[in-house]
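Here's the structure we're looking at; comments come further down.
The values are calculated or read from the model by the stated rules, or taken from the named source; none is laboratory data. Note that this is a predicted model, so its numbers are computed, not measured. Reconstructed Cβ throughout: ideal geometry from the backbone, glycine too, with neighbour counts over all protein chains shown. Protein only, heavy atoms only, side chains kept; ligands, DNA and RNA dropped before computing areas. Shrake-Rupley method; radii C 1.70, N 1.55, O 1.52, S 1.80 Å.
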Amino acid sequence: GAGVSQSPSNKVTEKGKDVELRCDPISGHTALYWYRQRLGQGLEFLIYFQGNSAPDKSGLPSDRFSAERTGESVSTLTIQRTQQEDSAVYLCASSSRGLAGTSTDTQYFGPGTRLTVL
Amino acid sequence: AQSVAQPEDQVNVAEGNPLTVKCTYSVSGNPYLFWYVQYPNRGLQFLLKYITGDNLVKGSYGFEAEFNKSQTSFHLKKPSALVSDSALYFCAVRDLANSGYALNFGKGTSLLVTP
């Protein structure tokens, strides 16, 4: 009964490089979320996947950010041409949709990937 | 406009004393409210949530929270604090009308419980 897992746990990269972050949700969870947590801040929503529906990308800060998810499995968050302001902890969460599509499902978070852009 | 506010950056309490971590919210519809705790270098752990029903919600590790609609508050409480409760606490709200299924988080409150 594993929880949400993320890899890598830490990533150091140089400005301008691309990075790819991975999230494995809890098995059977249909919804998957990406958040960003900057130092000393709360979490900022980035993107939301629900099953095979079109993702909610409303939180992505720029077109350098993209994410993919195949079905109800692994998701990858890609940041192109990284900038120093991208340095943050990137958290992934998953949840199961409640009965009759209710929105009461709880999000369970992974340990995060700490990204440092030099 | 911010959907959820945590007015205290830090709360200090002595072990054995009751603790309260404050949270207020602002949403247009019925609020779905959550508390999470974050230990150093760890992800967020779910503590409790309010969806509907009884205003007093009980959660993990002896924590509880009281939903107060008139004051638009959802304060986290524990009758007797432990040193191990020291961590960062986040209040979050789901505002379906404005931000869909994503959670809007407060900036967090650092709880320090001293022996």
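Worth pointing out:
- Share of pairwise Cα separations in region A:5-98, more than 23 Å, in percent: 19
- Stokes-Einstein diffusion coefficient of chain B, Kirkwood radius over Cα pairs, 10 °C, 1.306 mPa s, in µm²/s: 112
- Within the accessible area of region B:1-100, the carbon and sulfur atoms contribute 47%, probe 1.4 Å, all protein chains present.
- Taking Cα centre as origin and charging only the Cβ of basic (Lys, Arg, +1) and acidic (Asp, Glu, -1) residues, the dipole magnitude of region A:5-98 rounds to 100 debye.
- Fluctuation leader among B:Asp85, B:Asp54, B:Asp95 - chain B, Gaussian network, Cα springs under 10 angstrom: B:Asp54
- With all protein chains in place and a 1.4 Å probe, the accessible surface of region A:5-98 carries 43 percent carbon and sulfur.
- Charges were assigned to the Cβ only: +1 to each Lys and Arg, -1 to each Asp and Glu. The resulting dipole of region B:1-71 about its Cα centre is roughly 200 debye.
- Spacing of the two label points (7 Å from each Cα toward its C-beta) at B:Lys58 and B:Arg42, in nm: 2.2
- Positive-end extreme of charge dipole, region B:8-96 - chosen from B:Val93, B:Tyr25, B:Thr52 (charges on Cβ): B:Thr52
- The local environment of A:Gly16, defined by Cβ-Cβ distances under 12 Å, has a net charge of +1 under the rule Lys, Arg +1 and Asp, Glu -1.
- Calculated P(r) tail over 21 Å for the protein assembly as shown, as whole % of Cα pairs: 56
- Buried accessible area, chains B and A (both chains, 1.4 Å probe, Å² to nearest 100): 1700
- Working from Cα pairs under 8 Å separated by at least six residues, relative contact order for region A:5-98 is 38 percent.
- Summing charges over neighbours of A:Lys57, with a neighbour being any other residue whose Cβ is under 15 Å away from its Cβ, gives -1 when K and R count +1 and D and E count -1.
- Only Cα pairs under 8 Å and 6+ residues apart enter the sum, and on that basis the relative contact order of region B:26-75 stands at 24 percent.
- Electrostatic dipole magnitude of the protein assembly as shown [Cβ: Lys, Arg +1; Asp, Glu -1; Cα centre; debye, to 20]: 100
- For the protein assembly as shown, the per residue solvent-accessible surface stands at 47 Å², with DNA, RNA and ligands left out and a 1.4 Å probe.
- Structure note, pairs A:Lys15/B:Lys49; A:Lys17/B:Lys107; A:Lys57/B:Lys58: Cα-Cα distances above 32 angstrom occur for A:Lys15/B:Lys49; A:Lys57/B:Lys58.
- The mean sequence separation of alpha-carbon pairs under 8 Å and at least six residues apart, normalised by the residue count of region B:4-114, gives a relative contact order of 37 percent.
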